[in-house]
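This report refers to the structure that appears directly beneath it.
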Amino acid sequence: MTKRATVADVAALAKVSSATVSNVISNRLGKVSAKTRLRVLDAISVLNYTYNETAAALRSNKSNIIGLVIHDLSNPYYTELIAKINRKLAKKGYATILACSDENLESQQGYLHLMKRHNALAVLLCPTWDTTSEHLDAWRDLSPTITFLRPTGSHDSDFIGIDNYQAAYDITSRLVRDGHTQIAFIGGSQSSRLRRQRLQGWKDAHEDAALRWDETHILYCASSMSAGIKATRELFKRDQNVTALVCYQDIVAFGAMNALHFLGKKVGEEIAVTGFDGLSDAEGWLPSLTTAEVQIEVLAEHIVDRLLLRLEKPDDPPNVTLLHAHIHWRNSSLYGGFE
C-alpha cells in the first residue's frame, strides 16, 4: 500500500517549513509569498497530498464547519438562499452541514446537538416558530449562533431579517391609494411572528387611511400553491366584494392567482394580487406578480458577513439588522403596470 503523503513530505519537497505548508493550505493571505505558494502547490500536486480536515480539527479543537439549520426546504425562496450562503462560505474556505427541521423544534434541537458533535465553528439558524432564547442558550454558550429571517423574540443572538411591517404597510397603502377599500390578507401560520408583523402593517395602513379592516378578510394557510388556492376560494365564498389580496408569500400568491382564474376573475384588472419574497418566477408569472423583495443575494451577503465578523469578534454585543424590502409593482396589482 502506498504511504499517504504528509505535511512534512510536502514541506521537504518544496524546501519550506511545515508551518508554511499549513499557511498555504489554510489560505492565510499575506503569510506566504506568491512564489513560495506556487512551489508548495506544485509539491502538493506531485505528492497527491490531501488535507485531512478531521485530523486537523481534532488537533486544534477547531473546524471549518458551519452548521446551517433551516425549517423548510420545500419553499424555493429558502433553497435559493441556502445555495447562495453555501457558495459564499465555500469561497471563504468553510464547509456547511445542512439540516432541515421541518418546523419541528425537537428535530431542530437534535440537529444543533449534531453540530456540536461535529465541532462546528458556528451555526446559521432559521428557527422553528416555537424556538425561544432558552432553546438556543446551550448552543450559544459554545459557538456563535446567527439567526435569520425568523426572530426568536430574543436579543441574545445576532439576527438578520426583513422589515416585514413596513413592506406590508407600504403595499397596503399603495393599494388603498389605487382605490381599493376591500383588501384581504391571505397566508401564514397563527404562530408566525413574521406573519404578525406583516398583518400589523396591513391593519395599520387601513387605519391610517381611515378604513375599517374586516376580520373575515384574514385567512391563514400553509406555504404552498394548493393552500393559496383553497384559501382564496374560501375568501370569495365569504365575500365577493374583495378587490385586492395581500398574500403572505409569493407561492401563496401564485395559488391565489390560479384560484381567481378558475373563479373567472381577471387578475390585475378586477382583482389586485401582491406577494412577498421576490421569487424569480414572480416576474415571469402571468400576469407578472407584484412582490416585496429583499434580494436573496443581498440577504445572503449580510448573513455571511455577520457570521465572519462574529467569528472574528466573538465578544461583541449581538447585532440586529433589518433590511428594507423593495416592492416590484407589476401587472398583478390594479393600476400597477410595468416597473
I'd like the full set of residues that are aromatic (Phe, Trp, Tyr) and closer than 16 Å to residue 199 by Cα, limited to segment 217-270.
220, 248
Which condition number does residue 316 fail, the rest of (1) touching a helix residue (DSSP H, G or I) at 6+ places or on another chain (Cβ under 8 Å); (2) buried (at least 20 other Cβ atoms within 10 Å of the Cβ) being met?
(2)
Residues of segment 95-120 satisfying the condition of being in a loop (DSSP other than H, G, I, E, B) and buried (at least 20 other Cβ atoms within 10 Å of the Cβ):
101, 120
From the list 201, 188, 179, exactly one residue is in contact with a Cys (Cβ under 8 Å, 6 or more places away or on another chain) and either more than 30 Å from residue 94 (Cβ to Cβ) or modelled with pLDDT of 95 or more (or both). Which is it?
188
Could you tell me whether any residue of segment 266-274 is within 18 Å of the chain's Cα centre (by Cα) and not in a loop (DSSP other than H, G, I, E, B)?
no
Conditions first: (1) out of contact with any Lys or Arg (no Cβ under 8 Å at 6 or more places or on another chain); (2) under 30 Å from residue 123 (Cα atoms); (3) surrounded by fewer than 20 Cβ atoms within 10 Å (Cβ to Cβ); (4) not aromatic (Phe, Trp, Tyr). Residue 279 passes all but one, so which condition is the exception?
(3)
Only residues in segment 210-238 that are surrounded by fewer than 16 Cβ atoms within 10 Å (Cβ to Cβ) count as the first member; pair them with residues that are basic (Lys, Arg), Cβ under 7 angstrom, at least 6 apart or cross-chain, and list the lot.
216/238
Taking residue 160 and the conditions (1) in contact (Cβ under 8 Å) with a residue 60 or more places away in the chain; (2) part of a helix (DSSP H, G or I), which numbered condition does it fall short on, given that it satisfies the others?
(2)
Within segment 33-56, can you find the residues that are modelled with pLDDT under 80, touching a helix residue (DSSP H, G or I) at 6+ places or on another chain (Cβ under 7 Å) and either open to solvent by 60 Å² or more (accessible area, probe 1.4 Å) or within 19 Å of residue 91 (Cα to Cα) (or both)?
51
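Got a sec? Which of 156, 163, 170 is more than 19 Å from the chain's Cα centre (by Cα), modelled with pLDDT of 85 or more and open to solvent by 10 Å² or more (accessible area, probe 1.4 Å)?
Only one candidate passes the filter, namely 170.
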Need the failing condition index for residue 297 against (1) part of a helix (DSSP H, G or I); (2) modelled with pLDDT of 95 or more, just the number.
(2)
Just to check your reading of the model, which residue among 88, 62, 92 is at pLDDT below 85, open to solvent by 40 Å² or more (accessible area, probe 1.4 Å) and of a type in the set (Lys, Arg)?
62
Among the candidates 147, 172, 128, 181, which residue alone is among the β-branched types (Val, Ile, Thr) and in a helix (DSSP H, G or I)?
172
Please work out which residue is most open to solvent (accessible area, probe 1.4 Å), limiting yourself to segment 247-261 and to residues that are in contact (Cβ under 8 Å) with a residue 24 or more places away in the chain and farther than 17 Å from residue 294 by Cβ.
258
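The values are calculated or read from the model by the stated rules, or taken from the named source; none is laboratory data. This one's a predicted model, so the numbers in the text were calculated from it and none came from an experiment. When we count neighbours, we look across all protein chains shown, and the Cβ atoms used for this are built from the backbone with ideal geometry, even at glycine. What goes into the accessible areas is simple: the full protein's heavy atoms, side chains included, and nothing from ligands, DNA or RNA. Shrake-Rupley method; radii C 1.70, N 1.55, O 1.52, S 1.80 Å.
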